[in-house]
Amino acid sequence: MAATMAGVSMPATVTPLAPQVDAVAPVPRWWEDAAISLGLVAVQLAGAAYMVVLTPILALGLDPLFLVTFGSLFTGLFTLPFAVNLERNKWPSELSNRLVLQFVLLSLGGVTVFQALMLHGMKKTSPAIASAMPNLAPGLIFVVAGCLRFERVDIKCQYTRAKILGTLLCLGGAITMSILQSPTAPPGRRPPDLAAAKSHQDWVIGCVCLLGAVLMLSGTIILQAATMIHFPAPFTLCSVTSLIGAVMTGLFQVATAGRLSPGTPQISTEIILSLVFVGGLVSSVCIMFQTWALEKKGPVVVSLFSPTQTVGTAIFSALFLGREVQPASMLGMVFLFSGLYLVLWAKKKEGQVLPADRVVAYGTEDDVEKPLLLPH
């Protein structure tokens, strides 16, 4: 989950570079590698489990805006103490209008719009599709960053061609999954034609929402890369944008629905808030662990584990929700993951994403693409 969406255990904001923390004692390399690997798998499986838990609750009528509001609020509050203790010396003496505008845009795009579209898309499709779509982000980031000249695009370079091919594979895989993984009825129950047509219409709307969410995520990641140049404090950025996003989402629900409400009388507000509280806590822990893993291993290694969430979600959905994964749609997963790994491999080999004069701003010289990758 940087991809940590507060409501569904994906980061509400991007998790870039971690603050420098002095090591207390040396740790054996193999032990550290094992801990990072197991931790990243656990992060992805936690996100998968939370998405599966949310699915039946959303089906009962829970308003996604309510979930985004309080999920982001809890995430912001949980990460705030770490921001104050670890990054206070990185805060600017005064906030410029440009930085405030960047905070607002990140909150609007990365919290309110992205999470609302993701939850609405998951409600109308399935957790497996929703968890697979964010794997499009690295390829789309390459396209957007190339257009904005943040990333080097040289068609003669084999790594650029590899990234283009990887992006096309990701898009092809996402389209294949969306088409072949159609909604299915429970065994022995054939829905009426009208209900089937409505189900397919919802599926199309859900896929469009998920694609829109990924596009918003890609643009937000690039905007955060620019913000991190002058504000290299990831925990603070996560906390501030989560809190601002919570306020904006809450105000939007009040303006459109007339009040801040879960939207369903079938589940008590206390149960919903308890679930969102746990989700915000889990999301915060995942954000902090991924930040530490990014500092230790870089974004490519962290991103390699993102397909684990899709696989976990498909398995959990089959076990606990009775959702069938069409065998043909597995081909789309293969295309999607192959494209993801191809893009990550090319970015790692190319070794240059931002201009050299901006590398110092991120505190690293050997992995300058860190701000442009989002682990899920």
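The values are calculated or read from the model by the stated rules, or taken from the named source; none is laboratory data. None of the values given here were measured: they were computed from a predicted structure. So basically every Cβ, Gly included, is an ideal-geometry build from the backbone, and we count neighbours across all protein chains shown. Side chains included, ligands, DNA and RNA excluded: accessible areas come from the protein's heavy atoms. Shrake-Rupley method; radii C 1.70, N 1.55, O 1.52, S 1.80 Å.
Hey, among the residues in the stretch 143-183 that are in contact with an Asp or Glu (Cβ under 6 Å, 6 or more places away or on another chain) and open to solvent by less than 10 Å² (accessible area, probe 1.4 Å), which one's nearest to Val334 (Cα to Cα)? Show your work before the answer.
First, pick out the residues of the stretch 143-183 that are in contact with an Asp or Glu (Cβ under 6 Å, 6 or more places away or on another chain): 145, 159-160.
If we keep only those that are open to solvent by less than 10 Å² (accessible area, probe 1.4 Å) as well, we get 145, 160.
Numbers: Ala145: 25, Thr160: 21 Å.
If we take residues in the stretch 143-183 being in contact with an Asp or Glu (Cβ under 6 Å, 6 or more places away or on another chain) and open to solvent by less than 10 Å² (accessible area, probe 1.4 Å), then Thr160 is nearest to Val334 (Cα to Cα).
Taking the residues in the stretch 178-223 that are of a type in the set (S, T, N, Q) and modelled with pLDDT under 75 as candidates, determine which candidate is farthest from Phe142 (Cα to Cα). Give the derivation first.
To start, the set of residues in the stretch 178-223 that are of a type in the set (S, T, N, Q) comprises 178, 181-182, 184, 199, 201, 218, 220.
Subsequent filtering for residues that are modelled with pLDDT under 75 retains 178, 181-182, 184.
On the way: Ser178: 22, Gln181: 27, Ser182: 29, Thr184: 35 Å.
Only one residue fits best here, namely Thr184.
A quick yes/no check of all residues on (1) among the small types (Gly, Ala, Ser); (2) more than 30 Å from Thr176 (Cβ to Cβ); (3) more than 13 Å from the chain's Cα centre (by Cα):
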| site | (1), (2), (3) |
| --- | --- |
| Asn97 | no, yes, yes |
| Leu108 | no, yes, yes |
| Lys124 | no, no, yes |
| Ser131 | yes, no, no |
Top-ranked residue of the stretch 95-127 - restricted to ones that are open to solvent by less than 10 Å² (accessible area, probe 1.4 Å) and of a type in the set (A, V, I, L, M), ranked as nearest to Phe320 (Cα to Cα): Met122
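Can you tell me how many residues within the stretch 232-257 are open to solvent by 60 Å² or more (accessible area, probe 1.4 Å) and farther than 11 Å from Thr69 by Cβ?
Selection size over the stretch 232-257: 3.
Quick check on my filter: what residues within the stretch 302-322 are β-branched (Val, Ile, Thr) and surrounded by fewer than 19 Cβ atoms within 10 Å (Cβ to Cβ)? Write out each step before concluding.
To start, the set of residues in the stretch 302-322 that are β-branched (Val, Ile, Thr) comprises 302, 308, 310-311, 313, 315.
Matches in the stretch 302-322: Val311, Ile315.
Which one of these is under 25 Å from Val113 (Cβ atoms), open to solvent by less than 10 Å² (accessible area, probe 1.4 Å) and either of a type in the set (Phe, Trp, Tyr) or modelled with pLDDT under 50 (or both): Val8, Val68?
On the way: Val68 fails: either of a type in the set (Phe, Trp, Tyr) or modelled with pLDDT under 50 (or both).
Of Val8, Val68, the one residue that is under 25 Å from Val113 (Cβ atoms), open to solvent by less than 10 Å² (accessible area, probe 1.4 Å) and either of a type in the set (Phe, Trp, Tyr) or modelled with pLDDT under 50 (or both) is Val8.
The rows are residues; the columns are (1) at pLDDT below 90; (2) touching a Pro at 6+ places or on another chain (Cβ under 8 Å); (3) of a type in the set (Gly, Ala, Ser).
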position: Ala225; (1), (2), (3): yes, yes, yes
position: Phe231; (1), (2), (3): no, yes, no
position: Gly263; (1), (2), (3): yes, no, yes
position: Gln266; (1), (2), (3): yes, no, no
position: Ile272; (1), (2), (3): yes, yes, no
position: Phe277; (1), (2), (3): no, no, no
Unmet requirement for Ala130, which otherwise passes all of (1) over 19 Å from Val343 (Cα atoms); (2) aliphatic (A, V, I, L, M); (3) open to solvent by 30 Å² or more (accessible area, probe 1.4 Å): (3)
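With Ala162, Ala130 as the choices, which residue is more than 30 Å from Val278 (Cβ to Cβ) and touching a helix residue (DSSP H, G or I) at 6+ places or on another chain (Cβ under 7 Å)?
Values: Ala130 fails: more than 30 Å from Val278 (Cβ to Cβ).
Result of the check over Ala162, Ala130: Ala162.
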Where a residue in the stretch 139-150 is within 18 Å of Phe337 (Cα to Cα) and its partner, wherever it lies, is modelled with pLDDT under 80, with Cβ under 6 Å and at least six apart: Ile141/Leu372
